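These notes are about the structure you will find just below.
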Amino acid sequence: MHAEILLFDGFDELDAMGPWEVLAGVAAVRDDVTARLVTLEGAREVRADHGAVVRAHGGLSERPDVLLVPGGGWFDRTTEDGAWAEARRGDIPRAIAERHAAGSLVASVCTGALLLAHAGVLRGRRATTNRGALDDLRGFEGVEVVDARVVDDGDVVTAGGPVCGIDLALALVGRFGGAAMAEAAATEIHYERPAALV
């Protein structure tokens, strides 16, 4: 499994770093798993929503096995950074649509789901997002909005608020390597998984 987490200026730190912790941890012990932090522009410093600065490893691949999109900045519509601004610019939604059409599983954490919605990949799907943005998600035609930690709809997987990204990453690890691998990854970070996911 080759997973890429797509960063943009204004992304929420936990949306990206929670899944990164899980996926990079698995990649450290498995030769058949890789995890990268990427941007559309290539390797560069990216300033997150709360001020952390992260250096992306490189540019988004043409067809990663998993493309994970964080949220961040959706609710502040006065800034040039964040998911709201990226939805308006359109480059990230286009990139998501292209990767999905090429066969990538696309996943989102929190308001990253709104970038998936702008990409058109949630039409006819069940999906979730940050509880504060559920009504925004309902505004997209054909999306069945579910208030849940993780919603798995085949090649599109969405997670609720920021900490739910850990649940999403563990679900992806479980899909790739089975329940035992997911449980080992959760144990490694001392994370108690919720009893039920959608």
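For the range 74-93, a residue qualifies if it is surrounded by fewer than 23 Cβ atoms within 10 Å (Cβ to Cβ) and part of a loop (DSSP other than H, G, I, E, B), and the qualifying residues are PHE75, ASP76, ARG77, THR78, THR79, GLU80, ASP81, GLY90.
Within the range 116-144, no residue satisfies the criterion of being without any contact (Cβ under 8 Å) to a residue 12 or more places away in the chain and under 18 Å from LEU168 (Cα atoms). Among the conditions (1) among the aliphatic types (A, V, I, L, M); (2) touching a strand residue (DSSP E or B) at 6+ places or on another chain (Cβ under 7 Å); (3) touching a residue at least 24 places away in the same chain (Cβ under 8 Å), VAL163 misses just one, which is (2).
The residues of the range 124-159 that are in contact with a helix residue (DSSP H, G or I) (Cβ under 7 Å, 6 or more places away or on another chain) and among the basic types (Lys, Arg) amount to a single one, ARG149.
Listed here are the strands (runs of 3 or more DSSP E) enclosed by the range 1-47 that have at least 2 residues being under 27 Å from ALA184 (Cα atoms) and at pLDDT 95 or above: 2-6, 34-39.
For the condition under 22 Å from ASN130 (Cβ atoms), at pLDDT below 95 and aliphatic (A, V, I, L, M), what is the one hit in ALA148, ALA196, ALA159, ALA169? Spell out how you get there, then give the answer.
Values: ALA148 fails: at pLDDT below 95; ALA159 fails: at pLDDT below 95; ALA169 fails: at pLDDT below 95.
On inspection, the qualifying residue turns out to be ALA196.
Report yes if some residue within the range 125-140 is in contact with a Ser or Thr (Cβ under 7 Å, 6 or more places away or on another chain), part of a helix (DSSP H, G or I), surrounded by 16 or more Cβ atoms within 10 Å (Cβ to Cβ) and among the aliphatic types (A, V, I, L, M); otherwise report no.
Step one: filter the range 125-140 for residues in contact with a Ser or Thr (Cβ under 7 Å, 6 or more places away or on another chain), giving 127-130, 133, 137.
Then drop every residue that is not part of a helix (DSSP H, G or I), which leaves 133, 137.
Going one step further and asking which of them are surrounded by 16 or more Cβ atoms within 10 Å (Cβ to Cβ), we end up with 133, 137.
Narrowing the set further to residues that are among the aliphatic types (A, V, I, L, M) leaves 133, 137.
Looking for residues that are in contact with a Ser or Thr (Cβ under 7 Å, 6 or more places away or on another chain), part of a helix (DSSP H, G or I), surrounded by 16 or more Cβ atoms within 10 Å (Cβ to Cβ) and among the aliphatic types (A, V, I, L, M), one finds at least one in the range 125-140, hence yes.
Within the range 150-198, the set of residues being β-branched (Val, Ile, Thr), farther than 15 Å from ALA113 by Cβ and outside any loop (DSSP other than H, G, I, E, B) comprises ILE166, VAL173, THR187. Among residues of the range 48-77 that are touching a residue at least 24 places away in the same chain (Cβ under 8 Å), those with a Cβ under 6 angstrom from a residue that is assigned to a loop (DSSP other than H, G, I, E, B) and hydrophobic (A, V, I, L, M, F, W, C), sequence gap 6+ or separate chain, pair up as ALA48/PHE11; ALA56/LEU7; ALA56/ALA43; LEU60/LEU40; ASP65/MET1; PRO70/PHE11; GLY71/CYS110; GLY72/PHE11.
The residues on offer are VAL26, VAL38, VAL22, VAL66, and the sole one that is aliphatic (A, V, I, L, M), more than 23 Å from THR129 (Cα to Cα) and in contact with a strand residue (DSSP E or B) (Cβ under 9 Å, 6 or more places away or on another chain) is VAL26.
The values are calculated or read from the model by the stated rules, or taken from the named source; none is laboratory data. None of the values given here were measured: they were computed from a predicted structure. As a convention, Cβ positions derive from the backbone with ideal geometry for all residues, glycine included, and neighbour counts pool all protein chains shown.
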